[in-house]
1. Looking only at the range 229-284, count how many residues are under 30 Å from V9 (Cα atoms), without any contact (Cβ under 8 Å) to a residue 60 or more places away in the chain and not in a helix (DSSP H, G or I).
2. Would you list the helices (runs of 4 or more DSSP H) that sit entirely within the range 8-64 and hold 1 or more residues that are over 30 Å from S376 (Cα atoms)?
3. Could you please find all residues in the range 172-193 being open to solvent by 50 Å² or more (accessible area, probe 1.4 Å) and under 21 Å from the mean Cα position of the chain (by Cα)?
4. Against the definition (assigned to a helix (DSSP H, G or I) and open to solvent by less than 10 Å² (accessible area, probe 1.4 Å)), how does G217 come out, yes or no?
5. Got a sec? Which of A134, A104, A114, A98 is out of contact with any Lys or Arg (no Cβ under 7 Å at 6 or more places or on another chain), under 17 Å from A176 (Cα atoms) and open to solvent by 10 Å² or more (accessible area, probe 1.4 Å)?
6. Identify, from the list L311, L331, L343, the residue that is open to solvent by 40 Å² or more (accessible area, probe 1.4 Å) and either closer than 30 Å to A238 by Cα or not polar (S, T, N, Q) (or both).
7. Filter the range 66-85 down to residues that are under 24 Å from T6 (Cβ atoms), in a loop (DSSP other than H, G, I, E, B) and open to solvent by less than 80 Å² (accessible area, probe 1.4 Å), then give me how many there are.
8. Which pairs have Cβ atoms under 7 Å, sit 6 or more apart or on different chains, and link a residue in the range 303-319 that is over 19 Å from T264 (Cβ atoms) and free of Cβ contacts under 8 Å to residues at least 12 places away in the same chain to one that is open to solvent by 10 Å² or more (accessible area, probe 1.4 Å) and in a helix (DSSP H, G or I)?
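The values are calculated or read from the model by the stated rules, or taken from the named source; none is laboratory data. Since the model is a prediction, treat every value here as computed from it, not as a measurement. Positions of Cβ are generated from backbone atoms using ideal geometry, with glycine treated the same way; all protein chains shown enter the neighbour counts. To get the accessible areas, we keep the full protein, side chains included, count just its heavy atoms, and leave off ligands, DNA and RNA. Shrake-Rupley method; radii C 1.70, N 1.55, O 1.52, S 1.80 Å.
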Amino acid sequence: MSGADTAWVMVATALVLFMTLPGLALFYGGLVRARNVLSVFMQCFAVACLMSLLWLLFGYSMAFGSGDGFWGGLGKFALIGITPDDLRGTIPEICFFAFQMTFAIITPALILGAFVERINFAFVLSFCALWLLAVYAPVTHWIWGGGMMADGGIFGAVGTKDFAGGIVVHETAALAALLLAVMVGPRAKRHTPPHAPVLVAIGAGMLWVGWFGFNGGSQLAADGGAAMAITVTHISAAAASLSWALWERIKFGKSSLIGLVTGTIAGLASITPASGYVGPLEALLIGAIAGILCQEAVILLRDQLKIDDSLDVFAVHGVGGIFGTIMIAALGHGAWIAQLGALIMVGVYTIVLSWIIAKLVGLVFPMRVSSEDENSGLDLAAHGERAYDHTS
């Protein structure tokens, strides 16, 4: 065991949890109407709790157990038999479990942004629970757990390169989000502006800081590779923030704070799969393109296709993660067949399984709240609380 590696991965674990709680909650919460902000926080916190328990019982074993090429089996159910002295590489396996648990938390949480302000809370928890086990855990095994898309798998000696989750996290979550946005339908008031851009900016800042653990921690060592992953993560985020703001100024005459920080997230999502393979100048290129590419994707989905992916999950996380995955091959750090093949196979699998899960859960819990509850806001209708008491 390496004490330095273990200490760094424990810090990275805290940083990745910080991305969801409170980073993503603030980022998403500020973008909705004031009457729905607590519902967003409630969904983020409840999903974090439920995914943690499911990861302990089943998810970790399914993703990182010694099963076959498709799934890891249940040999590590509830971590039975795993002691603090058991190692995975140079760190305790229990530390690796905790680090990967934070990824299992934020991935379903990303989906929440697609259907805020009109989704049934019971549907959210049920869908995310089944989705974690049926989609996220198997895909994680395929690419990170030694499964069929890793080195020596179906793509030959050079397997799919996805350092920190362009496919495993961003593509899967974004495709599920896009599908559910179409299935649930648009909000009744989809053009209402964000109620608190300041919360969005604070949340984006927390996500930026937390992303150092997300990408740097994926090195699983306190070494130069982790330092480079952190560096290229920062460079890409900075470049995408500025390119988004500049493109917004060129097209619309003004650069907005919401646009700037959305560009930040686009740059972070795009560098995620490539952060363990590229250098600073390559990261600059990825980020600069991502800020424009993801902004055009937002306009395409929102204005031309009329899809109410409320908080632009697919346009930012999906397009960004897919773009970064492709850039690994384009920059010569991976094989085209492995990168494109994995994107296609995981994409089809995610869409099909997500649709099946949504239909099954919909038989038990309605997907959408009533029009009356949507109008009054989910904070009161679903949780009996208000975020702001203006009379006190």
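1. Final tally of qualifying residues: 2.
2. By residue number, 37-54, 60-64.
3. V182, M183
4. So G217 passes the test.
5. A134
6. Answer to the check: L331.
7. 6
8. From the range 303-319, no pairs qualify.
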